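Novice: Please read through the structure below; I'll follow up with questions.
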Amino acid sequence: MPTGDVDLTNGDYRIYTTGVRKLVRALEGAGVEAQDIKEVMSAAGEIVARRATWLAPKRTGRLANNMRVSKAKTRASIAVGGARVPYARYVYFGRYNEAKGGLYQTPNPFIYEALNATRGQVFAKIEDGVADILRKYDLD
């Protein structure tokens, strides 16, 4: 388990933060509604999604306009792809085909790049959101 505040892992595109679950439990224990916490995490995810939309390749625009941000108490997840954009995984992760001599579509990890570019804004949004929750519930 990572020991620092943030562990960015490039290989599988994860960010690990310590203390988020503990913070959420403390807020819920103080009477904060789960929906308020989810809104903060969703707002942080929207920052990354907006940048990822800007960074995504735009041949038709479907890929860039297909990003969805989840609402959860301890994380923000961005999903892209689906029935209308089944090629999203190949754009993001690239394609490997031995018959064609190996990698024949270069990966374009635009969501990770967006996260890396907006990390400071994301943490500031979470910090501001938690401060707003504390004020709303008169906990500050």
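Novice: For 23, 63, what ranking results if the residue with the fewest other Cβ atoms within 10 Å of its Cβ goes first? Please list the in-between numbers first.
Specialist: Numbers: 23 15, 63 23.
Sorted ascending by nearby Cβ count, the order is 23, 63.
Novice: Once a ≥ b ≥ c are taken as the square roots of the eigenvalues of the Cα gyration tensor of the stretch 48-87, is the result rounded (a/c under 1.5), prolate (a/b larger than b/c) or oblate (a/b not larger than b/c)? Write down the numbers at each step before the final one.
Specialist: Details: a/c = 3.63, a/b = 1.64, b/c = 2.21.
It comes out oblate by the Cα gyration axes.
Novice: Next up: Using packing as a proxy for protection, rank 97-108, 113-124, 45-56, 27-38 so that the peptide with the highest average count of other Cβ atoms within 10 Å comes first. Intermediate values should be presented prior to the final figure.
Specialist: On the way: 97-108: 10.2, 113-124: 16.2, 45-56: 20.0, 27-38: 14.6.
Highest to lowest by the protection proxy: 45-56, 113-124, 27-38, 97-108.
Novice: Determine the distance separating the Cα centre of the stretch 79-140 from the Cα centre of the stretch 17-55; give it in Å without decimals.
Specialist: 15 Å
Novice: Quick check of the Kirkwood formula: for the stretch 30-99, what is the inverse mean of 1/r over all pairs of different Cα atoms, in Å?
Specialist: Values: mean 1/r = 0.0734 Å⁻¹.
Taking every pair of different Cα atoms in the stretch 30-99, averaging 1/r and inverting gives 13.6 Å.
Novice: Hey, how much of the P(r) for the stretch 6-136 falls beyond 18 Å, as a percent of Cα pairs? Intermediate values should be presented prior to the final figure.
Specialist: Working: 5018 of 8515 pairs.
Distances greater than 18 Å cover 59 percent of the Cα pairs.
Read the figures in this text as sums done on the coordinates, not as results from a lab. Please read these numbers as outputs of a predicted model, since none were measured by experiment. Glycine also receives a Cβ, built like all others from the backbone with ideal geometry; neighbour counts cover every protein chain displayed.
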